[in-house]
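Here's the structure, in structure tokens; my notes come after.
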């Protein structure tokens, strides 16, 4: 991979700032719009912010973990940063395209790298109808909410909600209920990555529900459609022998 010009996109955290200060002793970064690669220094949340806000630059992203989990990040010493970037392996991720209609009839469109999640806004449980490719598969899910996760996001909120971990090459999405009450034994489904999902909020005026595409939230939704955006992708770089596919596999055996 021919990467010569690197830009730094750094969070305000102390660890991130300290890493940047040390890395600047060994490389000369360029402005974001002139870079062959953007090095994101921070945690997974900051990487998601970078992918959303800088995706239009159409360059790969190399994450440096200065946060906690760092599932989308790499652990590298600052003096070896440029070499690690230049010898890294690339993984392409297709985001989810979420279209939400709120109770006022306003349309909201966002992309999600990790997941789209619906969550109740009041003390009452949400009631959600689930439709897959034009067929109603579940008339009424009574729960705190429901989420749709990509393979890359399957180890995030989806895993916390007891959803499955999905290898990147599986071409699947996870549909996972959040604290389900009815049906009692329903624990979600694995769907083809090209499935078109429609989630309709029943009695939306009384049982208010919000939806989030990663960190972008809309309140008082009437229904939401979710599908993979095959015409859009994000390119992530990982150090050799430590790629995202391997991380997802290892996470399934973590105690």
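Just give me the residues in region 216-249 being outside any strand (DSSP E or B) and either closer than 23 Å to residue 191 by Cα or free of Cβ contacts under 8 Å to residues at least 40 places away in the same chain (or both), in sequence order. Show your work before the answer.
We begin by selecting, within region 216-249, every residue outside any strand (DSSP E or B); these are 219-220, 229-233, 239-249.
Result: 229, 230, 231, 232, 233, 241, 244, 245, 246, 247, 248, 249.
On inspection, residue 176 does not qualify as under 21 Å from residue 215 (Cα atoms), in contact (Cβ under 8 Å) with a residue 12 or more places away in the chain and not in a strand (DSSP E or B).
Would you mind stating whether residue 236 is at negative phi and surrounded by 17 or more Cβ atoms within 10 Å (Cβ to Cβ)? Yes, satisfied.
What strands (runs of 3 or more DSSP E), lying completely within region 70-135, carry at least 2 residues that are farther than 15 Å from residue 51 by Cβ? Please lay out each step first, then the result.
Numbers: elements: 89-93, 96-102, 107-112, 115-120, 126-132.
The qualifying strands (runs of 3 or more DSSP E) are 96-102, 107-112, 115-120, 126-132.
Each row is one residue, and each column tells you yes or no for (1) farther than 30 Å from residue 6 by Cβ; (2) surrounded by fewer than 18 Cβ atoms within 10 Å (Cβ to Cβ).
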{"residue": "90", "(1), (2)": "no, yes"}
{"residue": "93", "(1), (2)": "no, no"}
{"residue": "106", "(1), (2)": "yes, yes"}
{"residue": "114", "(1), (2)": "no, no"}
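Values quoted throughout were computed directly from the atomic coordinates according to the rules given, and no laboratory measurement underlies them. Quick caveat, the model's predicted, so the values are computed rather than measured. Methodologically, a virtual Cβ is constructed for each residue, glycine included, from the backbone with ideal geometry; neighbour enumeration extends over all protein chains shown.
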